[in-house]
Amino acid sequence: MADLEIRDLTVEVQGEEILSGVTLDLDKGKTLALMGPNGSGKSTLAYAIAGHPAYTVTGGSIRFKGDDIAEWTPDERARAGVFLAMQYPVEVPGVSVTNFLRTAVNARRGEELPVRQFMTELKEQMAQLHVDQSFLQRSVNEGFSGGEKKRFEILQMAMLTPELAVLDETDSGLDVDALKTVAEGVDRLRGPDLGVLIITHYTRILRYIKPDEVHVMLDGRIVKSGGPELADELEEGGYEEIATVARA
Amino acid sequence: MTTPLTDLSEDFLAARSDAAGEPSWLRDRRAAALKRFLDQAWPDSRNDEYWRSTPFAKRFDVGLPIVAEAGNTATPAGLTTSLDVAAALARIVDGELVEVTVPAELAEQGVVVADLSAAAETHAELVRAHLGSLTTSDDEGTGGDEDRTITASDAGWTAGVFVHVPDDVELDAPIGIQVHATSPGTHLPRVLVVTGRHSRAVVYLEHTGGGIADGEDADRKTLVDEVVEVVVGESSAVDVVSLQEWSGHVAHLSLQKAAVHRGGTYRHLAVNIGGTTVRIRPEVDLVGEGASCFPLGVYFADEGQWFDMQPYIRHIAPRATSDVLYKGALQGKSRTVFRGNVLVEKDAVGTDTNETNRSLILTDGARADSTPFLEIHCADITAGHGSATGQIDARQLFYLEARGIPREQALRLMVYGFFREVLEKLDLPGVQERTLAHIDREIEAADLSRVGVGRIADVAPGEVA
């Protein structure tokens, strides 16, 4: 059994079916890319895995480390090791980065980390991701640039040491330098204890993070799967070709 | 002798003035105020614009006898006494000023904290010039035509405190004024603060006591009709923090009015936590050029509570600044009213004003009314105002939960964060800690499983699919 095992998953948003039977396996140590055009259901899968309340699982299962987590609350999933790097990180006014991260890290680890140890770890990770120390006193995502928000997502990922990381369009809205920093940050965190699901519209992030498998989603289903070479095909032919074949 | 507020009489006032040894000028003032009082009717919420949002007759019982003595004079636990600085302290218990403590180093600098009745004799010039100067109309139009709740205080105030900080004296430690209720009835506390040029002062006005809201104390009703006047001298910086920490059935009326002279800075924070009904009017007349004021408010209303907040800023002089920020949370069947007013007079060129109110409705059944008014009679100004009432933001909540933070803890972080914007504007000893501790207790007592979260349809525009 794979560490993340999604079977025949159907998901509704506001009564409308977005995912129509998705099946996907991801093991720790592996990196999967999920590609597809806008509106294909990629982000819905990401939110469904993380437990967003607007996304209702109407059929199938999401098993993580053997447990069906489809009914779990988002915080239970996160404490079990699921991490979602969001496409649109949310501003939380008045909650400082330090306080937020410390509360989250303590929740994930199930123990109060001594402040000194926490700060040492945090500053190390911040240096790696070129995140300025002045962030510590700022409110979560408030006034952050697009690139800062994405780097902050990866900083959280580094601190929370997840076993499954879903990166939802982490590459969107980033210039080449910012993308490189973020991608290298993710690459550094890869290892035998982490499975990564990269959700993207474009192939450029895959130049920095080489996936083991590539899956293409269309109309709420995975319509094509393959190795890294599938991404190169998409780079050349776009989604049109696949769509024509799949919908035929 | 039991006299309800509504039966204030010359005899009653004479007996009070005799007992306090008040000078004739003050007796005359009281008598004049009584005349006005007798000519007035109690506010009528159907007809009086300022009373429309809070039903006066229903929320304030003017039939309760006036309490002129002190009941239990034990010192309550309050903000000022919790600090480890040598602060001046004046304690009013019910109808009497029971204690005044002024540390020697303050007295040496000429700082006065005294019984207002006695100060009418010992500091006659200052008290005579300023007492009632902000509650009664004068030729310049400062002060105002006050309603009967204010003339009642002008005539019948029982326990008063006078504070004076002379020119060039800068105090870091706060001056604490406790208004503590132990006996049911009507309480008429009065405060006058006058600061000199280039001075600095911090005043903590603490409202505590009132019995226990439930059980055997349920009949112990207390009406507190309070007037606080603050005269901020030229280039003086004054902070006033008014904490409403009532524990029982207290209906509290409070006019807290300041006049800020040239180049002066006045910051005011109202913290509304306790009491059944609290109607607070933090008012400021910006009478000197370049004066500035920052009226701030934090409130947390729960089951049965009614908070009415009416900051009123008058820009009279040119190039003055005001920035009003009130934030509150509500839960249970509670009601808050924010009626903010900024009036820019015709000569107030270069005015810079802003007014903001935000309410967070935590559970169903609570209601927050908010109306920020702006009345402008001058062209050359900068003004902004805004108000918003909402529930916990579902997107923020999900973001925190998706990082492993349990819902209850996430809500707590968000509510703290909501209030932090206000509290960060006023870094005074003990104030943030005490206010956050109050908020903490309110959250602790709340049933967080009932907290309403913004509708899912509002959750993630553009994020679907």
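The values are calculated or read from the model by the stated rules, or taken from the named source; none is laboratory data. Model, not experiment: these values are computed from the prediction. Cβ coordinates were reconstructed from backbone atoms using ideal geometry, including for glycine residues, and neighbour counts include every protein chain displayed.
Every condition in (1) more than 7 Å from chain B (Cβ to nearest Cβ); (2) surrounded by fewer than 23 Cβ atoms within 10 Å (Cβ to Cβ) is met by A:GLY51 except one, and the failing one is (2). Comparison of A:VAL82, A:VAL105, A:VAL92 shows that the only residue that is of a type in the set (A, V, I, L, M, F, W, C) and more than 23 Å from A:LEU197 (Cα to Cα) is A:VAL92. Of the residues in the stretch B:60-74, none is part of a helix (DSSP H, G or I) and buried (at least 18 other Cβ atoms within 10 Å of the Cβ). Between B:HIS198, B:HIS207, the distinction of being more than 29 Å from B:PHE56 (Cα to Cα), modelled with pLDDT of 95 or more and either in contact with an Asp or Glu (Cβ under 9 Å, 6 or more places away or on another chain) or β-branched (Val, Ile, Thr) (or both) belongs to B:HIS198 only. Of everything listed in (1) away from chain B (no Cβ under 13 Å); (2) of a type in the set (A, V, I, L, M); (3) in contact (Cβ under 8 Å) with a residue 60 or more places away in the chain, the single unmet condition for A:VAL57 is (3).
Residues that are surrounded by fewer than 17 Cβ atoms within 10 Å (Cβ to Cβ), within 14 Å of another protein chain (Cβ to nearest Cβ) and polar (S, T, N, Q) within the stretch A:132-160 comprise just one, A:GLN137.
Across the stretch A:173-182, what is the total count of residues that are in a helix (DSSP H, G or I), in contact (Cβ under 8 Å) with a residue 12 or more places away in the chain and surrounded by fewer than 23 Cβ atoms within 10 Å (Cβ to Cβ)?
The total comes to 4.
Residues in the stretch A:19-39 that are more than 21 Å from A:VAL186 (Cβ to Cβ) and at pLDDT 95 or above were compared, and the one that is surrounded by the most Cβ atoms within 10 Å (Cβ to Cβ) is A:LEU19. Assigned to a helix (DSSP H, G or I), of a type in the set (Ser, Thr, Tyr), surrounded by 16 or more Cβ atoms within 10 Å (Cβ to Cβ) and away from chain B (no Cβ under 14 Å): is that true of A:THR170 in this structure? So A:THR170 fails the test.
So that you can scan it fast, the table gives a plain yes or no per residue for (1) among the hydrophobic types (A, V, I, L, M, F, W, C); (2) crowded, with 24+ Cβ neighbours inside 10 Å; (3) in contact with a Leu (Cβ under 8 Å, 6 or more places away or on another chain); (4) not in a loop (DSSP other than H, G, I, E, B):
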residue	(1), (2), (3), (4)
B:SER247	no, no, no, no
B:ALA258	yes, yes, yes, yes
B:ARG262	no, no, no, no
B:GLY297	no, yes, yes, yes
B:PHE307	yes, yes, no, yes
B:ALA317	yes, no, yes, no
B:ARG339	no, no, no, yes
B:LYS346	no, no, no, no
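Restricting attention to the stretch B:361-413, the residues being crowded, with 20+ Cβ neighbours inside 10 Å and free of Cβ contacts under 8 Å to residues at least 24 places away in the same chain number 10. If I go through the stretch B:78-99 residue by residue, how many of them are free of Cβ contacts under 8 Å to residues at least 40 places away in the same chain and either assigned to a strand (DSSP E or B) or under 16 Å from B:GLY211 (Cβ atoms) (or both)? Within the stretch B:78-99, residues that are free of Cβ contacts under 8 Å to residues at least 40 places away in the same chain and either assigned to a strand (DSSP E or B) or under 16 Å from B:GLY211 (Cβ atoms) (or both) number 2. Among the candidates A:GLY39, A:GLY51, A:GLY81, the residue that is on the phi > 0 side of the Ramachandran plot and in contact (Cβ under 8 Å) with a residue 40 or more places away in the chain is uniquely A:GLY81.
Checking each residue of the stretch B:402-412 against the condition of being modelled with pLDDT under 90 and in a loop (DSSP other than H, G, I, E, B) gives no match. Condition first: part of a loop (DSSP other than H, G, I, E, B), surrounded by fewer than 17 Cβ atoms within 10 Å (Cβ to Cβ) and among the hydrophobic types (A, V, I, L, M, F, W, C). Can you find one or more residues in the stretch B:19-41 that meet it? Looking through the stretch B:19-41, at least one residue is part of a loop (DSSP other than H, G, I, E, B), surrounded by fewer than 17 Cβ atoms within 10 Å (Cβ to Cβ) and among the hydrophobic types (A, V, I, L, M, F, W, C). On the basis of being within 11 Å of another protein chain (Cβ to nearest Cβ), modelled with pLDDT of 95 or more and in a strand (DSSP E or B), does A:PHE83 make the cut? In short, yes.
Hey, can you tell me all the residues within the stretch A:93-131 that are assigned to a helix (DSSP H, G or I), at the interface with chain B (Cβ under 9 Å from one of its Cβ atoms), in contact (Cβ under 8 Å) with a residue 40 or more places away in the chain and not small (Gly, Ala, Ser)? Listed by number, the residues that qualify are A:PHE100, A:LEU101, A:VAL105, A:ARG108.
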